[in-house]
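Quick notes on the structure that follows.
Every read-out reported here was derived from the displayed coordinates using simple, explicitly stated rules and does not represent laboratory data. Predicted model only: the values in this text are computed from it and were never measured. Here the Cβ is made from the backbone with ideal geometry for all residues, glycine too, and neighbour counts use every protein chain on show.
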Amino acid sequence: MNPRRLLPLAFLSAFALASCEKEEVTAPTEVPLLATHWMLARVDSFPVEVSSYSETTKSYLELLDLGKCTVGLGPCNNFSGRFSLGSNGHLSISPQISTRVACPVQELETRYLDNLALTTRYEISSGELRLFDADTATPRLVFRQAEK
């Protein structure tokens with residue numbers, strides 16, 4: 001076949017392909033684990049509504065991708081530490097370093113920080129982050145995504 005006869009066909013094919021638009025498919029949005037402000041809702045079976053700082057301050061946790069750092073507020077103290085992510089929902093959180101302000105709910109804060117360090121996996125569903133240890137089927141800590 002004559003190559004000159006194929007040139008217009010090649011040009012039309014290239015033009016047709018260039019004019020195609022990529023179809024935008026919107027996947028369901030999943031709440032990201034990292035860089036989300038997670039408000040503490042429950043430590044073991046104990047509900048947590050506010051911290052002892054004030055009636056409007058709530059305890060929280062954030063996992064920051066930069067440096068794999070954790071930052072947060074317990075019922076009494078600010079804290080920070082490190083974390084590592086594995087596959088299939090595996091999450092490891094280091095023991096946290098916290099300020100040392102005593103408060104009436106110090107035992108609850110101790111359980112919160114201890115449970116963070118026991119974390120081996122996580123689940124996110126319906127705007128909730130659930131942290132599990134290696135031994136229990138129920139989450140040790142439950143957080144809710146902060147409203148934007």
Lone qualifier among Gln106, Gln145 - being free of Cβ contacts under 8 Å to residues at least 40 places away in the same chain and surrounded by 13 or more Cβ atoms within 10 Å (Cβ to Cβ): Gln106
Test set (1) in contact (Cβ under 8 Å) with a residue 40 or more places away in the chain; (2) surrounded by fewer than 14 Cβ atoms within 10 Å (Cβ to Cβ) - Tyr122 fails condition number: (2)
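Can you tell me which residue among Leu61, Leu91 is under 20 Å from Val48 (Cα atoms) and not in a loop (DSSP other than H, G, I, E, B)? Walk me through how you get there before you give the answer.
Values: Leu91 fails: under 20 Å from Val48 (Cα atoms).
From the options Leu61, Leu91, the qualifying one is Leu61.
Going by what's in this entry, would Gly74 be described as farther than 15 Å from Arg144 by Cα and either touching a helix residue (DSSP H, G or I) at 6+ places or on another chain (Cβ under 9 Å) or in contact (Cβ under 8 Å) with a residue 40 or more places away in the chain (or both)?
Working: farther than 15 Å from Arg144 by Cα: no; either touching a helix residue (DSSP H, G or I) at 6+ places or on another chain (Cβ under 9 Å) or in contact (Cβ under 8 Å) with a residue 40 or more places away in the chain (or both): yes.
So Gly74 does not fit the description; no.
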Matching residues, region 125-142, being surrounded by 13 or more Cβ atoms within 10 Å (Cβ to Cβ) and more than 20 Å from Val31 (Cβ to Cβ): Asp133
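Just to check your reading of the model, which residue among Arg111, Arg100, Arg82 is of a type in the set (D, E, K, R), assigned to a strand (DSSP E or B), farther than 13 Å from Leu33 by Cα and in contact (Cβ under 8 Å) with a residue 12 or more places away in the chain? Spell out how you get there, then give the answer.
On the way: Arg111 fails: assigned to a strand (DSSP E or B); Arg100 fails: assigned to a strand (DSSP E or B).
Just one listed residue meets the conditions, Arg82.
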